[in-house]
Amino acid sequence: MSSQKPSGVQRPLSPHLGIYKPQISSVLSIMHRASGVFLSLGSLVFAVWIFCAAYNPIAHETVNVAFTSTIGTMFLIAWSAAFYYHASNGVRHLFWDMGKGFSIRSMTKSGIAVLCITATCTIITWMIILNGVSYEPT
């Protein structure tokens, strides 16, 4: 092997990300990171809500009005979807930590399962919340 650079066209050492076709594993990996950030930000909003409940009833009512608005409800739905996604994908990662599910087929199937679980849990949760289903002990 020669230590000299080959003459001719200068090419990058690695290809640019723009040439890669998105795969379910890479998209879900990015979504896992993004959902973690979104959950952190949402937790700060929740902490503000709790703080307002404890120390300032007027501010607490203002936050409640914001949460019950259309945008506030969409934020809460997105936050709960991020929670369910992050939790179910975390279980998927636990199986990977045990050395299971590394074939491309099983990674694709488990990724689709994570998305289905996320959608199902989010829809059921918000059907219960928006329909006002309450639990009354007998």
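The values are calculated or read from the model by the stated rules, or taken from the named source; none is laboratory data. Source: prediction; values computed, not measured. Here the Cβ positions follow ideal geometry from the backbone for every residue, glycine too, while neighbour counts run over all protein chains shown.
As a summary of the residue check, Ile50 satisfies the conditions (1) under 30 Å from Asn131 (Cα atoms); (2) touching a residue at least 12 places away in the same chain (Cβ under 8 Å) except for the one numbered (2).
In this structure, does Ser110 turn out to be touching a Gly at 6+ places or on another chain (Cβ under 7 Å), in contact (Cβ under 8 Å) with a residue 12 or more places away in the chain and under 24 Å from Ile30 (Cβ atoms)? So Ser110 fits the description; yes.
Annotation note: Cβ proximity below 6 Å between a residue of the stretch 8-25 that is under 19 Å from Gly111 (Cα atoms) and a residue that is of a type outside the set (Ser, Thr, Tyr) and at pLDDT 75 or above (sequence gap 6+ or interchain) occurs for Ile24/Gly111; Ser25/Met107. Every test in (1) under 20 Å from Met127 (Cα atoms); (2) surrounded by 11 or more Cβ atoms within 10 Å (Cβ to Cβ); (3) at pLDDT 95 or above is passed by Ile71 save one, and that test is (2). Annotation: Leu76 fulfils all but one of (1) modelled with pLDDT of 95 or more; (2) part of a helix (DSSP H, G or I); (3) more than 22 Å from Trp126 (Cβ to Cβ); the unmet one is (3). Can Gly18 be described as more than 21 Å from Trp126 (Cα to Cα) and in a loop (DSSP other than H, G, I, E, B)? Here the answer is no, as Gly18 does not meet what is asked. Residues in the stretch 87-137 that are among the small types (Gly, Ala, Ser) and part of a helix (DSSP H, G or I): Ala87, Ser88, Gly90, Ser106, Ser110, Gly111, Ala113, Ala119. Summed over the stretch 54-68, residues that are assigned to a helix (DSSP H, G or I) and either surrounded by 11 or more Cβ atoms within 10 Å (Cβ to Cβ) or of a type in the set (S, T, N, Q) (or both) total 9. Inspect all residues belonging to the stretch 117-125 and state whether any of them is closer than 13 Å to Leu28 by Cα, under 15 Å from the mean Cα position of the chain (by Cα) and in contact (Cβ under 8 Å) with a residue 40 or more places away in the chain. No - not one qualifying residue is present in the stretch 117-125. Scanning the stretch 25-38 for residues that are crowded, with 16+ Cβ neighbours inside 10 Å and within 17 Å of Val91 (Cβ to Cβ) gives Leu28, Met31, His32, Ser35.
Which ones in the stretch 97-122 are loosely packed, with under 13 Cβ neighbours inside 10 Å and under 24 Å from Val37 (Cα atoms)? Asp97, Ile112, Cys116, Thr120 - these are the residues of the stretch 97-122 that are loosely packed, with under 13 Cβ neighbours inside 10 Å and under 24 Å from Val37 (Cα atoms).
Within the stretch 31-53, is even one residue in a helix (DSSP H, G or I), touching a Ser or Thr at 6+ places or on another chain (Cβ under 7 Å) and either at pLDDT below 90 or within 23 Å of Met127 (Cα to Cα) (or both)? The answer is no; no qualifying residue exists.
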